[in-house]
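These notes concern the structure reproduced below.
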Amino acid sequence: MATTEQVPERRRRPIRRRELPHWPPKGQHPVGYALAGVVLGAYAWILGGFAPFSVKSLIGVLIPGAVVAIIAYGWPPQRIPPPEKLDIAGVSYWTIVVAALFEWEASSWKDGSPSWHPSLTDLINPLLEPHAIKSVAVFLWLLTGWGLVRR
């Protein structure tokens, strides 16, 4: 066990958390955020009720995509500076995961998705079948899209 005298100065300092931005942003009221959450929740509930792969669901997905694209183009956010050094290990792990999932879906599609080798969509569709769960998934998808635009 190291005593205080043996611990380097940089390790004895208290850990400071990164300053979080003030929420809600100054000049904005939380009622606006609550109203936006209610509107997005209602939209997700309506969109979650549509049949998958229908024209209604396609239009329902394209509308928020177009709105987010217009917002991102018209009012571009401040960009996060790129990292000075890329974490090769982290990138390689994500590349392996994405490649494996792509291979799984592609081989299932090529083989006609037999029961012994179902595609990812065949596995996830029963989980997303209930209206409430599908609506929550749509709501999370909308929040993720908004988070990416704000980044």
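Can we say HIS131 is more than 19 Å from the chain's Cα centre (by Cα) and either modelled with pLDDT under 85 or basic (Lys, Arg) (or both)?
Working: more than 19 Å from the chain's Cα centre (by Cα): yes; either modelled with pLDDT under 85 or basic (Lys, Arg) (or both): no.
Against the criterion (more than 19 Å from the chain's Cα centre (by Cα) and either modelled with pLDDT under 85 or basic (Lys, Arg) (or both)), HIS131 does not qualify.
Residues are listed down the side, and each one gets a yes or a no for (1) touching a residue at least 40 places away in the same chain (Cβ under 8 Å); (2) not hydroxyl-bearing (Ser, Thr, Tyr):
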position: PRO64; (1), (2): yes, yes
position: VAL67; (1), (2): no, yes
position: TYR73; (1), (2): no, no
position: PRO81; (1), (2): no, yes
position: LYS85; (1), (2): no, yes
position: THR95; (1), (2): no, no
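Selection over segment 128-151 of residues that are over 21 Å from GLY37 (Cβ atoms) and surrounded by 11 or more Cβ atoms within 10 Å (Cβ to Cβ) gives a count of 2.
Within segment 95-127, the residues that satisfy the criterion of being of a type in the set (Phe, Trp, Tyr) and surrounded by 11 or more Cβ atoms within 10 Å (Cβ to Cβ) are PHE102, TRP104, TRP109.
Working carefully through the options LEU40, LEU58, LEU20, find the one that is among the aliphatic types (A, V, I, L, M) and at pLDDT below 80.
Details: LEU40 fails: at pLDDT below 80; LEU58 fails: at pLDDT below 80.
Within the list LEU40, LEU58, LEU20, the selection yields LEU20.
Beta carbons closer than 8 Å, at least 6 apart along the sequence or on distinct chains, pair a first residue in segment 31-59 that is closer than 23 Å to GLU129 by Cα and of a type in the set (D, E, K, R) with a second that is surrounded by 12 or more Cβ atoms within 10 Å (Cβ to Cβ) and at pLDDT 90 or above for LYS56/PHE50.
The values are calculated or read from the model by the stated rules, or taken from the named source; none is laboratory data. No experiment lies behind these values; they were computed from the predicted model shown. Heads up, the Cβs are rebuilt from the backbone with ideal geometry, glycines too, and the neighbour counts pull from every protein chain shown.
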